[in-house]
Amino acid sequence: MGKLSMRKALALVPALAALAGGGGAQAHSLVTSGNVYDNGNQCVHNWTAQAHSYNSVVVHSLTNTPPFHFPLSNCTYSNSKPPGYLAGRWESWKWGPNVGAWLVCGTQGWNYGGGSELQVGRPTTGCGGGYYLLQGGAYVYNGGWLGGWLMTDYEWLWS
Amino acid sequence: MRQRLILLGIAAVLAAVLGVGYAASVGNEEPTHAPSLAAEEVYVAGPDGEALKCNGKLAKVKRSALGSRTPPLTPEEAAQQSVLVRPRVKVARCERNAKGDETGRVVFVETAAGAP
């Protein structure tokens, strides 16, 4: 057994440790999406997603099928808006087993934009291993701010 | 060959012990309920990722301190903001006085993305 073999064996330790301890981690994003406002002409679609190290909210301003278009469908056409008319924000929550309640791990102020889609996304704030979920707010201005919040399911994350 | 297997076995046992130990240390108790979207007050996480304690007491903050539930600016005001100036991530910390002692209040500080 040479030095090289010893090094190989030692090099396996971190990898095996990760395998042993990281069984709870899941390799997918949690997504919750849907229309949070619909008055027939103006629709607001909220797409809130929690990935392993990234939080994101996508705001869509949509409307119904324009006249003389077929097939008829609701809330599927882009409804472009001037700058500042779309807004999104997220809050990252972590389960606190010691208090039996959810803790706000981090949040971000409102991001504003225009057009028919606004993407808000940042790396997570990193509150250590635990169960996390994300709340995301999506709003479009149409005489007032219209929209609402959605919440993902929770999952175990390591950061 | 036999020595390699022995070393590999030792490494596997060590990894299992470390992994189980770490999992136990961070706690893996599943949530019992979902957070309320309408809660007036909430707990916040501290630098260690656990519930923040200031002056030894669990800290609760007004939900509004995290930010408004609807956008506070009009589109005109928002459009005047530079698109290059994105809001930074905010985290909760205990407020300290000039002597460095905790006052018992919670403040929100901005942090670089990805850093607690």
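The values are calculated or read from the model by the stated rules, or taken from the named source; none is laboratory data. None of these values were measured; they are calculated from a predicted model. Backbone-built Cβ (ideal geometry, glycine too); neighbour counts: all protein chains shown. For accessibility, only protein heavy atoms count, side chains too; no ligands or nucleic acids. Shrake-Rupley method; radii C 1.70, N 1.55, O 1.52, S 1.80 Å.
Worth pointing out:
- In the set B:GLU30, B:GLU110, only one residue is open to solvent by 90 Å² or more (accessible area, probe 1.4 Å) and outside any loop (DSSP other than H, G, I, E, B); that residue is B:GLU110.
- For segment A:109-151, the set of residues classified as buried (at least 22 other Cβ atoms within 10 Å of the Cβ), of a type in the set (S, T, N, Q) and out of contact with any Pro (no Cβ under 8 Å at 6 or more places or on another chain) consists of A:THR124 only.
- Residue list for segment A:62-88, restricted to those being loosely packed, with under 12 Cβ neighbours inside 10 Å and in a strand (DSSP E or B): none
- The residues of segment A:102-136 that are of a type outside the set (S, T, N, Q), at the interface with chain B (Cβ under 7 Å from one of its Cβ atoms) and under 18 Å from B:ALA65 (Cα atoms), listed by number, are A:TRP102, A:LEU103, A:VAL104, A:CYS105, A:GLY106, A:GLY109, A:TRP110.
- If the condition is being open to solvent by 20 Å² or more (accessible area, probe 1.4 Å) and modelled with pLDDT of 95 or more, then segment A:39-54 contributes A:HIS45, A:TRP47.
- Any chance A:GLY106 is out of contact with any Cys (no Cβ under 8 Å at 6 or more places or on another chain) and either open to solvent by 10 Å² or more (accessible area, probe 1.4 Å) or not aliphatic (A, V, I, L, M) (or both): no
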